[in-house]
Each structure stands twice: as C-alpha cells, then as structure tokens.
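Asker: Dumping the structure here so I can ask a few things about it.
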Amino acid sequence: MQVLWRGNANAWECDELGHLNVRFYMAKAQEALGGLTDQLGMHRAFAPDATATLIPRDICIRFLAEARPGAPLHISGGVVSHDETSLTVAMVLYHAASGAPAATFEIRAEHAHTITGRVFAWPQRSLDVLGSSLVKRPELLTPRSLSQAAPSDALSLTKANELELQEIGRGRINREELDAFGRMRAEFGIGKVSDSVIHFSDGFPEQWQAFAENTPLTVASAVLESRLNFRRFPTQGEGFVIRSGLKSATETVRTLVHWALDPVTGTPLWSMEAVACMLNLETRRLERMSPDLLAQLQSKARAGLAL
C-alpha cells in the first residue's frame with residue numbers, strides 16, 4: 001500500500017473527549033481516496049469540472065487508537081478488488097511517529113457521473129490500471145462485531161415509528177458540508193450522528209444522567225467500529241432526522257443502529273451501525289457496566305435491528 005495522505009490531528013478537529021472526532025477520521029480518508037484517484041488516472045475525479053467520480057456507498061471503519069491534538073498521522077492504502085462499475089479500497093491511518101495503526105477504512109465506491117450519480121462501467125484505461133495495482137487486503141480491516149449483512153430495504157419513518165426508535169437528531173444540510181457536485185460529503189454521514197448521539201438516552205443513560213444532574217462526566221461514549229451505508233446523498237437545504245435504536249448490549253460494548261431519514265418523505269438517506277463503549281476519561285480505558293445497568297440496556301434492545 002502507498003501513502004495517500006499525510007497530516008495531523010488538528011486541535012479544532014478534536015472533541016470533548018480530547019481526541020480526534022470521528023467525522024475527521026472520515027474527512028482524512030476522503031482526502032486519501034482523492035489521492036488514490038491520482039494513481040488511477042482520474043486526476044480530477046473530485047474537481048467541479050469532472051465528468052466521472054467515485055461515490056462512497058458502504059464504509060467500514062475500525063478505531064484502534066486515540067489520535068490526540070497535534071498527533072502526526074498518515075494514511076496508506078490501495079484497491080483490493082473491483083468489478084465493472086465499482087471498487088473496494090483498503091486504508092490504514094497510522095500514527096506517523098510510532099507506526100502504530102490508529103484506524104482502518106474499507107470503502108466500496110461506485111464509478112459514477114458527477115451530476116446525476118448514474119453508475120457506469122470503467123473505461124478500459126482504468127481497468128488496465130486497476131488490474132495491475134491491486135493490493136492484498138490487510139487482516140486488520142476485518143470488523144470484530146459489526147454485521148456484514150446486506151443493508152435493509154425496509155428503512156422508513158413509518159418503520160422507525162413502529163420500532164419506537166428514539167429521535168436523536170434533526171437538522172439541515174448546509175452549504176459548507178457539500179462536495180464539488182453539490183452533495184453532502186461522506187464525513188457528515190458519521191458527523192451528523194456524532195453531533196446528535198448525546199441525545200440517545202436509551203443507548204447512553206450514564207451521559208444523559210450526568211447532564212440532567214449537572215455533574216462532571218467521568219465516562220463518555222466512544223465508537224470502536226462503525227459501518228455506514230449511503231442510499232442517497234442529500235443536497236443543500238434538505239432536512240434530515242436521525243432515529244436510533246439499541247441492537248444489543250454486553251458488559252463492555254453496546255451495538256447501536258442509526259437511520260438518517262428524509263423528514264418529509266420518510267425515505268432513507270443513510271444508515272449507520274456502531275459498536276461503542278464507555279471510555280473512562282481518567283484512565284482512557286473501556287469502562288465495564290454494572291449488572292443493573294446492563295439489564296436496563298438489554299431491556300431496551302431490539303434484536304435484528306438492521307443497517
């Protein structure tokens with residue numbers, strides 16, 4: 001794999017937990033994807049005048065180590081497979097000074113028209129490059145707990161109401177969140193959830209209680225693995241609503257599913273499954289749940305809740 005991006009964890013990209021926010025992991029991976037297109041002969045794939053681009057559809061991320069403010073980072077990656085109209089990219093974000101992996105990304109992206117989003121076949125010149133530049137998929141990318149099932153076609157506002165999924169977020173797509181073609185950038189799929197998840201009292205009652213009682217946080221939610229699937233990338237001014245449910249819980253982790261839906265039509269925009277823990281803010285280690293809290297969470301779980 002080749003280096004596709006190099007930079008750092010800026011202080012303004014770090015959140016209240018004191019480490020790089022999930023949105024900026026994805027933002028840096030998106031830049032690395034642009035670096036990969038240079039190698040594929042698609043130098044202007046993300047430029048406003050491009051006629052073909054890569055649209056991410058399914059993304060798996062593993063968060064392996066914290067990136068604290070100022071940490072030097074780089075991303076190495078390459079194409080691990082392709083078909084007639086799409087490719088799958090493997091990338092690893094490294095702590096540049098120590099060489100330790102901080103995160104992995106596996107991204108399936110479609111070769112598509114920039115404006116219409118219509119998927120079409122690779123030209124022969126791209127197939128020639130793809131065929132000669134495949135890399136071996138690192139074992140490090142394999143998720144430990146995420147579902148690998150095909151995304152559900154049953155997501156809707158009506159279904160969210162039936163399942164009594166909690167509303168955790170609601171808002172609009174803003175101008176500064178768009179790509180060169182007027183669609184929401186992929187990092188805001190995870191970013192909008194990150195901005196809203198503090199409202200998920202069913203999934204993280206410890207945090208909700210601390211804010212309700214105005215007491216200092218001693219533990220806070222942190223994502224270990226996540227998978228995003230994009231059905232449609234909304235455009236500027238469009239609204240979204242995020243409905244969330246707890247899929248399962250153990251002593252150490254809880255699995256959550258978030259549906260981002262069009263609040264008017266009720267149709268899906270994107271969805272996300274996440275395996276999360278509670279991070280002890282003093283020791284920076286995973287916090288185990290008490291038996292009573294575990295029983296409380298498990299009583300709210302909806303087995304089979306789909307991505």
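Asker: So in the range 7-23, with the set limited to residues that are among the polar types (S, T, N, Q) and in contact with a Pro (Cβ under 8 Å, 6 or more places away or on another chain), which one is surrounded by the fewest Cβ atoms within 10 Å (Cβ to Cβ)? Explain how you work it out, then say what you get.
Answerer: Step one: list which residues in the range 7-23 are among the polar types (S, T, N, Q), which gives 8, 10, 21.
Those left that are additionally in contact with a Pro (Cβ under 8 Å, 6 or more places away or on another chain): 8, 10.
On the way: Asn8: 16, Asn10: 12.
Among residues in the range 7-23 that are among the polar types (S, T, N, Q) and in contact with a Pro (Cβ under 8 Å, 6 or more places away or on another chain), the one surrounded by the fewest Cβ atoms within 10 Å (Cβ to Cβ) is Asn10.
Asker: Checking Ala109 against (1) assigned to a loop (DSSP other than H, G, I, E, B); (2) in contact (Cβ under 8 Å) with a residue 24 or more places away in the chain, which single condition isn't satisfied?
Answerer: Unmet condition: (1).
Asker: Which count do you get for residues in the range 45-60 that are touching a helix residue (DSSP H, G or I) at 6+ places or on another chain (Cβ under 6 Å) and either touching a residue at least 24 places away in the same chain (Cβ under 8 Å) or not in a loop (DSSP other than H, G, I, E, B) (or both)?
Answerer: Selection size over the range 45-60: 1.
Asker: Follow-up. Going through the range 4-39 one residue at a time, which ones are in contact with a helix residue (DSSP H, G or I) (Cβ under 7 Å, 6 or more places away or on another chain) and outside any helix (DSSP H, G or I)?
Answerer: Across the range 4-39, the qualifying residues are Leu4, Trp5, Gly7, Leu20, Asn21.
Okay, residues lined up against (1) of a type in the set (Asp, Glu); (2) modelled with pLDDT under 95; (3) out of contact with any strand residue (DSSP E or B) (no Cβ under 9 Å at 6 or more places or on another chain):
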position: Trp12; (1), (2), (3): no, no, yes
position: Leu17; (1), (2), (3): no, yes, no
position: Met26; (1), (2), (3): no, no, no
position: Ala32; (1), (2), (3): no, no, no
position: Thr37; (1), (2), (3): no, yes, no
position: Leu40; (1), (2), (3): no, yes, no
position: Ile59; (1), (2), (3): no, no, no
position: His74; (1), (2), (3): no, no, no
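Asker: Continuing with the same structure: Based on what the data block shows, is Thr85 of a type in the set (S, T, N, Q), under 19 Å from Phe188 (Cα atoms) and either touching a strand residue (DSSP E or B) at 6+ places or on another chain (Cβ under 7 Å) or surrounded by 18 or more Cβ atoms within 10 Å (Cβ to Cβ) (or both)? Give the steps one after another, and end with the answer.
Answerer: Details: of a type in the set (S, T, N, Q): yes; under 19 Å from Phe188 (Cα atoms): no; either touching a strand residue (DSSP E or B) at 6+ places or on another chain (Cβ under 7 Å) or surrounded by 18 or more Cβ atoms within 10 Å (Cβ to Cβ) (or both): yes.
No: the conditions fail for Thr85.
Asker: Can you tell me which residue in the range 98-153 is nearest to the chain's Cα centre (by Cα), limited to those that are surrounded by 15 or more Cβ atoms within 10 Å (Cβ to Cβ), of a type in the set (Ser, Thr, Tyr) and farther than 21 Å from Leu36 by Cβ?
Answerer: Taking the candidates together, the pick is Ser147.
Asker: What number of residues within the range 61-73 satisfy the criterion of being surrounded by 20 or more Cβ atoms within 10 Å (Cβ to Cβ) and either assigned to a strand (DSSP E or B) or on the phi > 0 side of the Ramachandran plot (or both)?
Answerer: 4
Asker: Let me ask another. Checking the conditions here, which among Ala222, Ala276, Ala260, Ala249 is outside the structural domain of Gly18 (by TED's automatic domain parsing) and out of contact with any Ser or Thr (no Cβ under 9 Å at 6 or more places or on another chain)?
Answerer: Ala222 is the lone residue from the list that is outside the structural domain of Gly18 (by TED's automatic domain parsing) and out of contact with any Ser or Thr (no Cβ under 9 Å at 6 or more places or on another chain).
Asker: Still on this structure, please answer the following. Mind listing whichever residues of the range 183-205 are part of a helix (DSSP H, G or I), within 14 Å of the chain's Cα centre (by Cα) and not hydroxyl-bearing (Ser, Thr, Tyr)?
Answerer: Listed by number, the residues that qualify are Glu187, Phe188, Gly189, Ile190, Gly191, Lys192, Val193, Asp195, Val197.
Asker: Looking at Ala210, Ala220, Ala180, which one is touching a Pro at 6+ places or on another chain (Cβ under 6 Å) and either of a type in the set (A, V, I, L, M) or part of a loop (DSSP other than H, G, I, E, B) (or both)?
Answerer: Just a single option satisfies the conditions, and that option is Ala180.
Asker: Within the range 157-177, take every residue that is assigned to a helix (DSSP H, G or I) and under 19 Å from the mean Cα position of the chain (by Cα) and give me the one that is nearest to Trp270 (Cα to Cα). Outline the logic, then answer.
Answerer: Of the residues in the range 157-177, the ones assigned to a helix (DSSP H, G or I) are 157-162, 175-177.
Among the residues that remain, those that are also under 19 Å from the mean Cα position of the chain (by Cα) are: 176-177.
Values: Glu176: 19, Glu177: 15 Å.
The qualifying residue nearest to Trp270 (Cα to Cα) is Glu177.
Asker: Right, next: Going by what's in this entry, would Gln209 be described as assigned by TED's automatic domain parsing to the domain that holds His258, in contact with an Asp or Glu (Cβ under 9 Å, 6 or more places away or on another chain) and closer than 22 Å to Val253 by Cβ?
Answerer: In short, no.
Asker: Considering only residues of the range 200-224 that are within 15 Å of Met272 (Cβ to Cβ) and without any contact (Cβ under 8 Å) to a residue 60 or more places away in the chain, which is surrounded by the fewest Cβ atoms within 10 Å (Cβ to Cβ)?
Answerer: Per the stated criteria, the residue is Ser221.
Asker: Identify the single condition in (1) part of a loop (DSSP other than H, G, I, E, B); (2) touching a residue at least 40 places away in the same chain (Cβ under 8 Å); (3) within 24 Å of Gly77 (Cα to Cα) that Arg125 does not satisfy, given that it satisfies every other one.
Answerer: Looking at each condition in turn, Arg125 falls short on (1).
The values are calculated or read from the model by the stated rules, or taken from the named source; none is laboratory data. On a predicted model such as this, the values are computed, not experimentally measured, just so you know. A quick note on method: Cβ atoms are made from the backbone with ideal geometry, for glycine too, and the neighbour counts reach across all protein chains shown.
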